[in-house]
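Read-outs: derived from the displayed coordinates by stated rules, not from any lab. Here the structure is a predicted model, which means the values were calculated and not measured. Positions of Cβ are generated from backbone atoms using ideal geometry, with glycine treated the same way; all protein chains shown enter the neighbour counts.
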Amino acid sequence: MSAPAANCPNCGAPVKFRWSSAVQTTCEFCHSILVRTDVDLKKVGEVADLPADASPIQIGTEGVYQNKGFVVIGRIIYEYEQGGWNEWHVVYNDNTNGWLADAQLEYDVSWPATPPPQQQLPTTPPQRGATYVWDNKTYEVTSITKAHYKGVQGELPFEYWDKADVMFADLRSISGDFATIDYSENPPVLFLGRAVEFDDLHFKNLRLFEGWTS
Amino acid sequence: MINNPLFLLYGVLLLGATGYLEYTGRSFDRINQQKVLPKSIRDNPGAYRSTYGGYSRYIGGK
Amino acid sequence: MSCSLVSPPLVKAKSLSCPNCGAPVTLRGFAHTLSAVCPNCLSVLDASSAEFQILQTFQGKERIQPKIPLGARGTFNGAVYEVIGFQERSVQSGDDFYSWDEYLLFNPYKRFRYLTEYLGHWNVVRVLSRLPEPARARGRAAARMDGHTYAAFDSMKAATSYVIGEFPWQVRRGDTALCEDYILPPYMLSAEQTDGEVTWSLGEYWPGSKIWQAFRLPGSPPDAQGIFANQPSPYQGKVGSAWRTWLWLNVALFALLIVFTFLKSNREVFRQDYVYAGKNSEAAFVTPTFEVSGGNKNLEVGAHADVDNDWIYLDFALINDETGQTFDFAREVSYYHDSDGTEGSRNNSVVIPSVPGGRYYLRIEPEMGPTAPSTRYEIFVRRDVPIYNYFWIAALLLLIPPALTTYRSLAFESRRWHESDYAPAVSSGGGDD
């Protein structure tokens, strides 16, 4: 997964991309948010110190989902009224990307839903309990969350450092399918995926916690 | 059947007892067995007094 | 290559000072902990921000000691978990007040688990990410998940009455939630609803001894009192297999009956008609002799009498013509019938167990009431007869174990459901165990 290396325009430290389609990344050393243009990297902002979080996943953690290996290359940390969660950006060994949500140690893998679903997404966030059918599965809205980003890290597939509040609708099906509608854009974006168990992802290179073996 | 080993044992013993009782031909009836009787009974049946002589509703043997 | 200044390679547990009393508070849940209770002054503190503010001070009278101490580590499903939080939840409904304990188990790599304990009954619980669907079973509400149906057991409003340790959400004494339980022993599906959302979790019943083993705790667990909602029945599976065993035993019994019916020759060796003509006829008489085959088999001596609402008493003696060996017995044949039904039978017989072969005759002394009419009766003798009584008795005795098991199983389930919302109404306050 070698990609062209570059240097941080702010501090000069080497910046490596694990994924060729990454649009944005952060410099590990000076915390600058860097956006990739055709020619070089441009600093667009700075990340404040990331809040302490207890996710066992870190950038560089490897795992396997349904026989496809992946590497964690970036994340967005969200914060909402009752806490926060991580959206880890992962890239699979076939160079496709996806997301791994890590909330209270519950994990959900998801991908942007393509092609657009038959049933139109509600333009405003739906009520809890509303149901939709995508891909022959019935999803029920389990939570509506108003959140904002708390920090970014690593490679992302888009430019993102906006601190405005964003609405998310989480949906689940009876058989463990997971969906989320991201209302940060118009039209809203749908992600479909599945709830997964920690053990089923066969993680390697996890964070180490004092007093625990992984 | 494996869940109730005691029942199976009980049933097998019961069947065994039934078979044994059936084989020996026993019954619940109470019979009074007597020693040898004089041959004169045949000629004079009325002279024989059995333990069941005389009517009273059959109460039961000794 | 991931070494980042933002995420340190080894995460350490933070230790802060309680803003109320200054005692140290260690956050063993790392950054998961949002609420932490000061172990010294029992104030609930906000651990989500650096300020570590006091959310609630302790107004209660006494501390509650959890049965499993904070910090204890135990093994569940192959992973080690540490107790980092404890809550007492209580329910007040009418005159009933009861409470149960909850323990928060933490492993930084796995999900949280919970332990619940009520009157010595333990459950290991995990939060579900998939949803059960509502259903109905046997006329009552139920929940269906993964092809299994869980029957509604009870629902209640539970309040947090005591809290120590750490929690990954905001917790305060007095917080309430609406709880609903659905059971499929040994499992229990529970829904907890606060105004924000509904959380489903699945619990599995564990006996106290297993919990004590998992944590390697000293001493013994508290005794379990009564029967808990999802406590597995000791009769599970035994009722069905008991009746299946019963069926096979009856088949064997029937086969035995067939075998003996064929083995026994059941041969008639004597039959003769007689008439009782009242007191005038001779009191006693003897029959002609008849041959009885060899072997010590049984002999049936019986009578059929045409009595009608009357009785005849027959005194028998079976006498061996050669040896004089005698068998004494008597039988009454009575038969009554009216508009209500019948009583008695026109037949009666006796089976003599071991009768040696030889030549025999019967001495018979018949007797009827003084006003009895002239009655015809018939005497018969059969050699080597099957006795069906034994089979009836065996069949009856075979019924006892499965009936007993079924009764015990039903009684167990009845005690289980006595604690539910569906218990038959009791007039006086149904005392909790």
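Below, the figures for the structure above:
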{"read-out": "Amide H partners (placed H, <5 Å) of C:W122, local residues excluded", "value": "C:W206, C:G208"}
{"read-out": "Reach of A:K68 by Cα under 18 Å, taken over lysines that are not fewer than 8 positions away in the same chain", "value": "A:K204"}
{"read-out": "Amide H contacts of C:Y162 (H built 1.01 Å from N, under 5 Å, at least 5 apart or other chain)", "value": "C:E88"}
{"read-out": "Inter-label distance for A:I174 and C:S345, nm, one decimal - labels placed 7 Å from Cα along Cα-to-Cβ", "value": "5.9"}
{"read-out": "Burial ordering of A:E28, C:E367, fewest other beta-carbon atoms within 10 Å first", "value": "C:E367, A:E28"}
{"read-out": "Least to most buried among C:S15, C:S409 (fewest other Cβ within 10 Å first)", "value": "C:S15, C:S409"}
{"read-out": "Cα pair count fraction exceeding 17 Å, expressed as % - region A:6-46", "value": "15"}
{"read-out": "Residue among A:P187, A:P125, A:P112 with the largest mean-square fluctuation in a Gaussian network model of chain A, springs linking Cα atoms under 10 Å", "value": "A:P187"}
{"read-out": "Rg/Rh for region C:265-385, where both radii come from Cα atoms and Rh is the Kirkwood radius", "value": "1.00"}
{"read-out": "Cut-off 12 Å between beta-carbons: net charge of the residues surrounding C:A303, Lys and Arg +1, Asp and Glu -1", "value": "-2"}
{"read-out": "Under 9 Å, Cβ to Cβ, from A:N86 - net charge with Lys/Arg +1 and Asp/Glu -1", "value": "-2"}
{"read-out": "Neighbour cut-off at most 16 other Cβ (10 Å), DSSP loop, chymotrypsin sites (Phe, Trp or Tyr not before Pro), region C:332-433", "value": "C:Y388, C:Y422"}
{"read-out": "Extension gain (nm, one decimal) between C:K61 and C:L397, 0.36 nm per residue minus Cα-Cα", "value": "114.8 nm"}
{"read-out": "Gaussian network model of chain C, springs between alpha carbon atoms under 10 Å - residue of C:V37, C:V381, C:V124 with greatest fluctuation", "value": "C:V381"}
{"read-out": "At R0 = 22 Å, FRET efficiency that the Cβ-Cβ distance of C:N389 and C:S293 yields, to 0.05", "value": "0.40"}
{"read-out": "Top of C:D154, C:D384, C:D181 by mean-square fluctuation, Gaussian network on chain C, Cα under 10 Å", "value": "C:D384"}
{"read-out": "HN-Hα J in Hz across region A:161-172 - Karplus 6.51, -1.76, 1.60, θ = phi - 60°, x for Gly and Pro", "value": "8, 6, 9, 5, 5, 10, 9, 10, 10, 9, 10, 9"}
{"read-out": "Sorted by Cβ neighbour density within 10 Å, fewest at the top, the residues A:F158, A:F17, C:F228", "value": "A:F158, A:F17, C:F228"}
{"read-out": "All lysines inside 27 Å of C:K297 as judged from Cα atoms, apart from same-chain residues fewer than 8 positions distant", "value": "B:K35, B:K39, B:K62, C:K264"}
{"read-out": "Virtual paramagnetic centre 7 Å along Cα→Cβ of A:V64, amide N under 16 Å, in region A:172-198", "value": "A:197-198"}
{"read-out": "Taking region C:265-385 and dividing mean pair separation by its residue count, relative contact order in percent (alpha carbons under 8 Å, at least six apart)", "value": "48"}
{"read-out": "Region C:304-350 and region A:34-113: distance between their alpha carbon centers, rounded to Å", "value": "99"}
{"read-out": "3J(HN,Hα) from dihedral phi, region C:243-255, Karplus parametrisation 6.51/-1.76/1.60, rounded to Hz, x for glycine, proline", "value": "5, 5, 4, 4, 4, 5, 5, 5, 4, 5, 4, 5, 4"}
{"read-out": "Table column - 3J(HN,Hα) (Hz), region A:195-203, Karplus curve with 6.51, -1.76, 1.60, x for Gly and Pro", "value": "6, 10, 8, 3, 5, 6, 8, 6, 5"}
{"read-out": "Estimated distance in nm for a label pair at C:D195 and C:S354, the labels positioned 7 Å out from Cα along Cα-to-Cβ", "value": "9.2"}
{"read-out": "Cα Rg, Dmax, chain A, angstrom units", "value": "17.4, 51"}
{"read-out": "Computed E for A:K163/C:S90 - FRET, C-beta separation, R0 41 angstrom, nearest 0.05", "value": "0.45"}
{"read-out": "Distance violations [Cα-Cα > 31 Å] among C:K110/C:K210; A:K146/C:K210; A:K16/A:K163; A:K42/C:K110; C:K14/C:K110", "value": "A:K146/C:K210; A:K42/C:K110"}
{"read-out": "Loop-resident sites, region C:207-316, for GluC sites (Glu not before Pro), counting at most 14 other Cβ within 10 Å (DSSP)", "value": "C:E282"}
{"read-out": "Per DSSP, loop chymotrypsin sites (Phe, Trp or Tyr not before Pro) in region A:18-100 with at most 16 further Cβ within 10 Å", "value": "A:F29"}
{"read-out": "Long-range HN-HN contacts of C:V269 with modeled amide H, under 5 Å", "value": "C:V381, C:R382, C:R383"}
{"read-out": "Residue-averaged [θ]222 nm for chain C, counting only DSSP H segments that reach four residues, each worth -39500 (n - 2.57)", "value": "-5000 deg cm²/dmol"}
{"read-out": "Relative contact order for chain A, counting Cα pairs under 8 Å that sit 6 or more residues apart, in percent", "value": "20"}
{"read-out": "Rg followed by Dmax, in Å, when the protein assembly as shown is reduced to its Cα trace", "value": "43.5, 142"}
{"read-out": "C:V275 versus C:T406: modelled label distance in nm, points set 7 Å from Cα along the beta carbon direction", "value": "5.5"}
{"read-out": "FRET efficiency estimate (nearest 0.05) - Cβ-Cβ, A:K16 to C:E204, R0 51 angstrom", "value": "0.65"}
{"read-out": "Proximal lysines relative to C:K61, as straight alpha-carbon distance under 28 Å, when same-chain residues fewer than 8 apart are discounted", "value": "C:K157"}
